[in-house]
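S.K.: Here it is: the structure, laid out below.
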Amino acid sequence: MDKNKTILVVGAGGFIAGHLIKRILENGNKVVACDIKPKEFWFQDFDNVENHYSMDMKDISNCMKVTNKVNYVFNMACNMGGMGFIENNKAECMQSVLINTNLLIASKENKIEKYFFSSSACAYNISKQDKVFIEGLKEEDAYPADPEDGYGWEKLFSERMCRHFFEDYGIQVRIARYHNIYGPYGTYDGGREKAPAALCRKVIEAKKKNAGTIDVWGDGNQTRTFLYVDECVEGTLRLFDSNCSDPMNIGSDEQVSINQMIEIIENISGISNLKKNHQLDKPKGVRGRSSNNDFAKKVLNWSYKMSLKEGLTKTFKWIENEMTREGSNISRFTKS
Ligand code: GDD
């Protein structure tokens, strides 16, 4: 990434964006950062950045203001969470389309050089994910369109809008489909947490209380691939530097069931044989999901390196520390 470019990161108080800003700053770039959340709810907050707290990017005048003085835009903002959130807040999730729409219009008006959009594996056709073990989803598997209701439709629509801004106005766009990114400085409680953080928290709580049982949504046989956040940032920056304007998977191919992931977490925690209370009425999402990463390997000459066990170990330690730390501000990680 050219050090002389000034970079706008939208959704800067969020999980992935916080890690991304850290890397961009290490590279020597100037950063402008904004988020709808007030300062106290940002996961990471860097001093040497022009921060705009409580700034709603659904409002086009805000988009115009902050795109005025930057070269590149990273749109990492959306109202989201794990299955517990997106299955019960579809209207909320779909309103993120306003952020992407207004930011693209403002980027066009202010002649932004390159625009990144953070899409999701939820953009994929759900009928291709109805078995426990599936072949990795290839980029073309998003069509015919039948994505995750609400959140996935917004992502697919926004991807397509990026494509048309590229075709019609020549804006350079880069689009990543993230596959369940996890790691430190992310939500682990409060309703928006994804499975890796939620299950780390539940195992930590069980250990603390000597409980012997944890609640698990679904029968635990559903599968996913998970990607550690540092790997996600690396893939994102490589994609950004590439010439590829098509959507690209940024994920791992270490497909595990939820039950297998719990076993890994139990090993990390030093306890074993927790009983699982499988809650079949809780949000489950698709039955099986896995990322095919051939396109990223070919175009970016890149693939993830960190095993799920290694990434979960780092995540577990961070969550355990947060949960036991005196003065830990748990609400910081739960606010919408
Ligand atoms: N969140 C959560 N909490 N999920 C649990 C739990 C729990 O305590 N116990 C079991 N699960 C199961 C869910 O039922 C689901 O089948 C699976 O773990 C994965 O759940 P999530 O991590 O919440 O969501 P996802 O993988 O279906 O989708 C997530 O990743 C997508 C990208 O790959 C979401 O965050 C989407 O918003 C995101 O686009």
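The values are calculated or read from the model by the stated rules, or taken from the named source; none is laboratory data. Because the structure is a prediction, the values reported are computed rather than measured. When we count neighbours, we look across all protein chains shown, and the Cβ atoms used for this are built from the backbone with ideal geometry, even at glycine. With ligands, DNA and RNA removed, areas are computed over all heavy atoms of the protein, side chains included. Shrake-Rupley method; radii C 1.70, N 1.55, O 1.52, S 1.80 Å.
S.K.: Can you tell me the 0 to 90 degree angle between the C-alpha axis of helix 229-241 and the longest principal axis of the chain, rounded to 10?
M.R.: With rounding to tens, the tilt is 20 degrees.
S.K.: Hey, what's the per residue convex hull volume over the C-alpha atoms of the range 179-281, in cubic angstrom?
M.R.: 122 Å³
S.K.: Under 8 Å for C-alpha pairs, at least 6 residues apart: give me the relative contact order for the chain, rounded to a whole percent.
M.R.: Taking the mean separation of contacting Cα pairs over the length of the chain, I get 19 percent.
S.K.: Another question, then. Let me spell out the model: positive unit charges on the Cβ of Lys and Arg, negative unit charges on the Cβ of Asp and Glu, origin at the Cα centre of the chain. What dipole size does that give, in debye rounded to 20?
M.R.: That gives the chain a dipole magnitude of about 460 debye.
S.K.: I'd like the antiparallel share, as a percent to the nearest 5, of DSSP beta bridges with both residues in the chain.
M.R.: Counting only bridges with both partners in the chain, antiparallel ones make up about 5 percent.
S.K.: To continue, here is another question. Using a 1.4 angstrom probe on heavy atoms only, work out the carbon and sulfur share of the accessible area of the chain in %.
M.R.: 47 percent
S.K.: Can I ask one more? Seen from all sides and averaged, what is the projected area of the convex hull of the Cα atoms in the range 203-261, in nm²?
M.R.: So the Cα hull casts an average projection of 5.8 nm².
S.K.: Could you give the angle, 0 to 90 degrees to the nearest 10, between helix 151-169's Cα long axis and the longest principal axis of the Cα atoms of the chain?
M.R.: 20 degrees
S.K.: Once you've got the GNM for the chain with C-alpha springs shorter than 10 Å, pick whichever of Asn27, Asn62, Asn51 has the biggest mean-square fluctuation.
M.R.: Asn27
S.K.: Could you rank the peptides 30-36, 190-196 by their average count of other C-beta atoms within 10 Å per residue, with the highest value first?
M.R.: 30-36, 190-196
S.K.: A further question on this structure: Report, in degrees rounded to the nearest 10, the 0 to 90 angle that the Cα long axis of helix 15-27 makes with the longest principal axis of the chain.
M.R.: Relative to the chain, helix 15-27 is tipped by roughly 50 degrees.
S.K.: Output the Kirkwood hydrodynamic radius of the chain, Cα pairs only, in Å rounded to one decimal.
M.R.: Result for the chain, one decimal place: 20.2 Å.
S.K.: So with the 1.4 Å probe, I'd like the accessible area per residue for the chain, rounded to whole Å².
M.R.: Accessible area per residue, the chain: 43 Å².
S.K.: Could you tell me which residue out of Phe166, Gly251, Tyr182 lies farthest along the dipole of the range 106-264 toward its positive end? Charges go on the beta carbon: Lys and Arg +1, Asp and Glu -1, centred on the Cα centre.
M.R.: After comparing all options, I get Tyr182.
S.K.: Roughly what would the spin-label model give for Arg160 and Asp246, points 7 Å off Cα along C-beta, in nm?
M.R.: 1.8 nm
S.K.: Just how many % of Cα pairs in the range 113-180 lie over 14 Å apart, if you round to the nearest whole percent?
M.R.: 59 percent
S.K.: Treat each spin label as a single point 7 Å out from the Cα along the C-beta direction, and report the Ile60 to Leu98 distance in nm.
M.R.: Simple spin-label model gives 1.3 nm for this pair.
S.K.: If you put +1 on each Lys and Arg Cβ and -1 on each Asp and Glu Cβ, how big is the dipole of the range 42-87 around its Cα centre, in Debye rounded to 20?
M.R.: Charge dipole, the range 42-87, about its Cα centre: 200 debye, nearest 20.
S.K.: Roughly what % antiparallel, to the nearest 5, for the DSSP beta bridges in the range 180-336?
M.R.: 20 percent
S.K.: Considering the dipole of the range 1-85 built from charges on the beta carbon (Lys and Arg +1, Asp and Glu -1) around the Cα centre, which of Gly28, Ala77, Val9 is farthest to its positive end?
M.R.: Sorting the options by dipole projection puts first Gly28.
S.K.: Compare His19, His278, His52 in a GNM of the chain, Cα atoms joined below 10 Å, and give the one with the largest fluctuation.
M.R.: So, out of His19, His278, His52, the one fluctuating most is His278.
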